[in-house]
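Taken together, the values in this text are just the output of simple stated rules run on the coordinates, not laboratory data. Predicted model, so just to flag it, every value in this text is computed and none were measured. Every residue, glycine as well, gets a Cβ built from its backbone with ideal geometry; the counts of neighbours run over all protein chains shown.
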Amino acid sequence: MTPFKIAFVVGSLRKDSINRKLALALAKLAPSDAVFEPLRIDDLPLYNQDDDGQPSEPVKRMKAQVAASQGVLFITPEYNRSIPGVLKNALDHGSRPYGKSVWDGKPAGVIGASMGPIGTAMAQQHLRNILAYLNMPTLGQPEAFIHHKDGLYDAAGNIGPDSVKFLQGWVDHYVAFVKKHG
């Protein structure tokens, strides 16, 4: 059986991003019939509607990868109580030209980690509003607002013992959601 392809988007470009670390750890929790593949967004030009007729190669690559996936997992930090500009830029590129959105109908998952105790709750809510407009069915429950703290990962970068049950359950729910809606 061909595995389900799930593109994952990390909304942070920082080399040591805690959300990139979370994304890689979550990918290790994927069931055997699902593959989590990173979606590169760091080389996308700023969205400009004038370029809709001739998108750059990085935009074409991103859109092709999303089109080939059965779902999209968004792992976002929270910047100023919202999503990072680089993530919004990727969403804008994928939604254009109008009527040809690559996001349309793709089952989405939303998660994120932060140093603060409420995780990325505000950013996730803003992202959910955008995904609703883009017609991406989005996993509603369970929600996951990850407080990044000591013990979240083990030395090998796997989810630590105190969080693995919860996050394995979240990944399993999301993959089942993709299978149902993808």
By residue number, the members of the stretch 44-64 that are part of a loop (DSSP other than H, G, I, E, B) and basic (Lys, Arg) are none
Quick count over the stretch 81-114, residues being of a type in the set (Val, Ile, Thr) and more than 26 Å from Ser17 (Cα to Cα), is 1
Within the stretch 1-54, restricting to residues that are free of Cβ contacts under 8 Å to residues at least 12 places away in the same chain and closer than 24 Å to His147 by Cα, the one that is surrounded by the most Cβ atoms within 10 Å (Cβ to Cβ) is Arg14
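How many residues does the stretch 5-43 contain that are more than 14 Å from Val66 (Cβ to Cβ) and not in a loop (DSSP other than H, G, I, E, B)?
Here the count works out to 14.
To keep it simple, each residue is scored yes or no on (1) more than 30 Å from Asn80 (Cβ to Cβ); (2) crowded, with 16+ Cβ neighbours inside 10 Å.
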{"residue": "Met122", "(1), (2)": "no, yes"}
{"residue": "Leu134", "(1), (2)": "no, yes"}
{"residue": "Thr138", "(1), (2)": "no, yes"}
{"residue": "Pro142", "(1), (2)": "no, no"}
{"residue": "His147", "(1), (2)": "no, no"}
{"residue": "Leu152", "(1), (2)": "no, yes"}
{"residue": "Ala156", "(1), (2)": "yes, no"}
{"residue": "Tyr174", "(1), (2)": "no, yes"}
{"residue": "Gly182", "(1), (2)": "yes, yes"}
Original post:
Does Ser69 meet the test of being touching a His at 6+ places or on another chain (Cβ under 7 Å), of a type in the set (S, T, N, Q) and either crowded, with 16+ Cβ neighbours inside 10 Å or under 18 Å from Lys21 (Cα atoms) (or both)?
Top reply: no
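Scanning the stretch 161-172 for residues that are under 21 Å from the mean Cα position of the chain (by Cα) and over 21 Å from Ala7 (Cβ atoms), which turns out surrounded by the most Cβ atoms within 10 Å (Cβ to Cβ)?
It comes out as Ser163.
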